[in-house]
Amino acid sequence: AEPPIIPDINHDVVVVSNINKDELLPGTFKDIKKYVEQGGNLIVTAQNGIGEIDMLNLLPVEVKGAGNKSNTIIASKNKITRDIEFGVVSKYIVTTLKEESTSFLNAEDDSSLIAYKAYSEGNVVYYGLFDEDNEFKFTPDYPIFWNNLVNFLLETKDISYYNFRIG
């Protein structure tokens, strides 16, 4: 959405990305927080200055600073990270995991690059890879990762659940 017109938040998944702090309307994150508390799914992507934006404690991580080149380490093998190769990140945000949050992917300094937290009735995911500065975006695993993540948040069952042998 482009300010000053912000639509009602009634989507399956809301992705917050490339926020211009100066254009952010008062109450935007209050509305997003209410949406998540009522069962919504939120994905927040990394960006410069993310620690300066008041997200009303929605993030599953604490932002500490900037990080440079690091190998990625899968912290939790699950249906989101299964068979995905994230490679090396050339830029990331140094973070620490908040209580009751789960890290799916870490940097070598244990910064959470992808973290998840159930929040009230909803879910919040922090995606800490800078797509414009990292090679992951150009790999065949990139769209598979996003498909896996959205299916996880929407609790979509595996395709085998919908197929039945007959006859």
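In the stretch 64-137, Cα pairs under 8 Å separated by at least six residues give a relative contact order of 30 percent. Surface composition of the stretch 109-150: carbon plus sulfur atoms contribute 51% of the solvent-accessible area (1.4 Å probe, protein chains only, all chains present).
Taking all Cα pairs closer than 8 Å and separated by 6 or more residues, the relative contact order of the stretch 3-73 comes to 35 percent.
Along the charge dipole of the stretch 56-167, pointing to its positive end and built from +1/-1 on Cβ of Lys, Arg, Asp and Glu, which listed residue (VAL125, GLY65, THR81) has its Cα farthest out? Final value for the positive-end residue is THR81.
Starting from the Cα-Cα distance between ILE5 and LYS34, subtract it from 0.36 nm times their residue separation and give me the gain in nm to one decimal.
Numbers: separation 29, 0.36 × 29 = 10.44 nm, distance 1.84 nm.
Result: 8.6 nm gained on full extension.
For ARG165 and GLU100, FRET efficiency with R0 = 41 Å and r from the beta-carbon atoms, rounded to 0.05? For GLU100 and ARG165, the calculated efficiency is 0.50.
Set the Förster radius R0 to 22 Å, insert the Cβ-Cβ distance between LYS21 and ASN68 as r into 1/(1 + (r/R0)^6), and round the FRET efficiency to 0.05. It comes to 0.40. Of the trypsin sites (Lys or Arg not before Pro) found in the stretch 109-167, those that fall in a DSSP loop while having at most 16 other beta-carbon atoms within 10 Å are LYS157, ARG165. Lysine pair count for the stretch 44-167 with Cα-Cα distance under 26 Å and sequence separation of 8 or more or different chains is 26.
Relative to the Cα centre, the charge distribution of the stretch 95-144, modelled as +1 at Lys and Arg Cβ and -1 at Asp and Glu Cβ, gives a dipole magnitude of about 200 debye.
For the stretch 104-148, the residues whose amide N sits under 19 Å from a probe point set 7 Å from the Cα of LEU56 along the beta carbon direction are 117-126. When +1 charges are put on Lys and Arg Cβ atoms and -1 charges on Asp and Glu Cβ atoms, the dipole computed for the stretch 1-112 relative to its Cα centre reaches about 220 debye.
The values are calculated or read from the model by the stated rules, or taken from the named source; none is laboratory data. Predicted model, so just to flag it, every value in this text is computed and none were measured. So basically every Cβ, Gly included, is an ideal-geometry build from the backbone, and we count neighbours across all protein chains shown. SASA here: full protein model, heavy atoms, side chains in, ligands and nucleic acids out. Shrake-Rupley method; radii C 1.70, N 1.55, O 1.52, S 1.80 Å.
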